[in-house]
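Below is one structure; the comments refer to it alone.
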Amino acid sequence: MKQSEGAQHKENYSMGSTEYQPLLLGLDSHAQIPDLSSNVIEEFLEHRPVPIRWYPKLFAWESRQLWLLSGASIIVSVFNYMLNFVTLSFTGHLGALELAGASIACVGIQGLAYGIMLGMASAVQTVCGQAYGAKQYGAMGIIFQRAVVLHMGAAIILTFLYSYSGSFLKAIGQSDSIAEQGQVFARGLIPQLYAFAISCPTQRFLQAQNIVNPLAYIAVGVFLVHILLTWLAVNVLNFGILGAALTLSLSWWLLVFFQGLYIILSPSCKETWTGFSIRALKGIWPYFKLTVASAVMLCLEIWYFQGLVLLSGLLPNPTISLDSISVCMNYLNWDMQFMLGLSAAASVRVSNELGASHPMVAKFSVTVVCTTSILISIVFAAIVLIFRVGLSELFTSDSKVIEAVSNLTPLLAISVFTNGIQPILSGVAIGSGWQGVVAYVNLATYYIIGLPIGCVLGFKTYLGVAGIWWGMIIGVFLQSLALFILTVRTNWNSEVAKAVDRLKDSANEEGGEDISDSI
């Protein structure tokens, strides 16, 4: 009988004495890529120097592991993003005011909340990924429940922002009419906020176990249903902007329902999910600290890019500036969704290998994923430069906007390249549990250096929106450089020891078992 997806990956980390092959038998010239294991490759990499002829085989093995995870993760990231895209597309047919209100609510309110939820969920990726690598499967369910409790607490606090979002939107310079429509839309998204609180940690819980294909099937299925539901709510039943928002909330709850159903019913999760437990409320403080660091780390990144759009609206001739920057950011967002899927896979690979006490495989995984992301980014950047006029014509026929977008495409190409590297390094940081350090790096490079430079170049020189974008590029480059130096200087043996300590702190409910004895 065919094994379940999760069970198959668990076998990759097993090393029973009857199954283990000596090094020369496990990695000879006739070995098939799927037959290699982390244990064999870890031992092989420890015997330096590694002959050059082995690197293509090793690279192919790691690439296979990476794409098995990232292919489905990219689909999940893209189709979850497209739920908003479809909603705004239907809302645009209600009128320009409704579209403006919904758009600003998505950027200013929903984007803020989703950044916090996604950032908090990256702590699940760190601890559950390392627990899975250490074969502490029972601890994962407890960690997951802790995450949901903390996410629900954050959702309750954010509910006040959603409820009184009109005042917040006015405070950031929106007109009364747009703020009013934005508040109607945001209040319709309150149920979605609580779906975020469950779905974000659920996705990371499953990804940490290398269970990604079911998430992709669910994301695609819900997306198709969402198109139908939004059409019924907006075009047939005429429920307006509130109906569009409530339909988006319903679709996110469908994601939660099917993801939860999979966890409860699938044999792949029978070891990692053993039911609800009061132990999730014990020893929550160490995990809470990592959660806060994770949220701050990701929010500083997300708000930095949103600030680019908001600052553009303050420039002279803001219509052209906003239109051109919006077109470019649309393409950058699509690129980001792709790279976030790759980043999630990188995080899982690193955390799994650290938890399994494989420092050399973790280091090699970082090398492979960074090389892969650089090659992909070069291709994407070339596409942007080659089709610079055609890309703008897909969104507008206004000659001034087309010219403005064409002038910005070299900067877009640079951003596509740098943003192809930066999320991957952030994913490595999440897998290693460096969120606290990266939060300080983001604060310094983005807000102390990048943002002020962008403001000076944008408002004090003739560069305008291009100047603001140059500031963003400088910030992202410096952040990527800092993470690259941090990664290169990392002692991966030390990271394995830290992973063990982290599991001891966050999974102390396992009856006093010494985790270090089992890895």
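At a glance:
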item	result
Unique residue being open to solvent by less than 20 Å² (accessible area, probe 1.4 Å) and touching a Lys or Arg at 6+ places or on another chain (Cβ under 9 Å) when the list is Ala121, Ala113	Ala121
In the stretch 469-489, residue modelled with the lowest pLDDT [restricted to those that are more than 23 Å from the chain's Cα centre (by Cα) and open to solvent by 10 Å² or more (accessible area, probe 1.4 Å)]	Arg489
Conditions (1) of a type in the set (Phe, Trp, Tyr); (2) buried (at least 24 other Cβ atoms within 10 Å of the Cβ); (3) not in a helix (DSSP H, G or I): number failed by Tyr462	(2)
Failed criterion for Val405 (all others in (1) farther than 30 Å from Ala356 by Cβ; (2) surrounded by fewer than 16 Cβ atoms within 10 Å (Cβ to Cβ); (3) at pLDDT 75 or above hold)	(2)
Spans of helices (runs of 4 or more DSSP H) in the stretch 107-218 with at least 1 residues closer than 24 Å to Gly260 by Cα	111-133, 137-163, 176-188, 190-208
Residue check for Tyr447: touching a residue at least 60 places away in the same chain (Cβ under 8 Å), open to solvent by 40 Å² or more (accessible area, probe 1.4 Å) and hydroxyl-bearing (Ser, Thr, Tyr)	yes
Thr490 β-branched (Val, Ile, Thr) and without any contact (Cβ under 8 Å) to a residue 60 or more places away in the chain	no
Failed item, numbered, when Thr87 is tested on (1) open to solvent by 20 Å² or more (accessible area, probe 1.4 Å); (2) touching a helix residue (DSSP H, G or I) at 6+ places or on another chain (Cβ under 6 Å); (3) modelled with pLDDT of 80 or more; (4) of a type outside the set (A, V, I, L, M)	(1)
The stretch 155-178 residues that are of a type in the set (Phe, Trp, Tyr), paired with ones that are open to solvent by less than 30 Å² (accessible area, probe 1.4 Å) (beta carbon under 6 Å, 6 or more apart)	Tyr162/Ala186
Selection count, the stretch 360-377, where residues are open to solvent by 10 Å² or more (accessible area, probe 1.4 Å) and either of a type outside the set (A, V, I, L, M) or not in a helix (DSSP H, G or I) (or both)	6
The stretch 218-267 - residue that is open to solvent by less than 60 Å² (accessible area, probe 1.4 Å) and aromatic (Phe, Trp, Tyr) and, of those, nearest to the chain's Cα centre (by Cα)	Trp252
Residue count for the stretch 64-121, restricted to those that are among the β-branched types (Val, Ile, Thr) and over 18 Å from the mean Cα position of the chain (by Cα)	5
Single match in Gly141, Gly111 (criterion: of a type outside the set (S, T, N, Q) and at pLDDT below 85)	Gly111
Sole exception among (1) of a type in the set (S, T, N, Q); (2) over 19 Å from Val296 (Cβ atoms); (3) under 18 Å from the mean Cα position of the chain (by Cα) for Gln145, by number	(3)
The stretch 268-302, residues that are among the hydroxyl-bearing types (Ser, Thr, Tyr) and open to solvent by less than 70 Å² (accessible area, probe 1.4 Å)	Ser268, Thr272, Ser277, Tyr287, Thr291, Ser294
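The values are calculated or read from the model by the stated rules, or taken from the named source; none is laboratory data. Remember, it's a predicted structure, so these values are computed and weren't measured experimentally. Neighbour counts are summed over all protein chains in view; Cβ atoms, including those assigned to glycine, are modelled from backbone coordinates with ideal geometry. We work out accessible area using only protein heavy atoms, side chains counted, and drop any ligands, DNA or RNA first. Shrake-Rupley method; radii C 1.70, N 1.55, O 1.52, S 1.80 Å.
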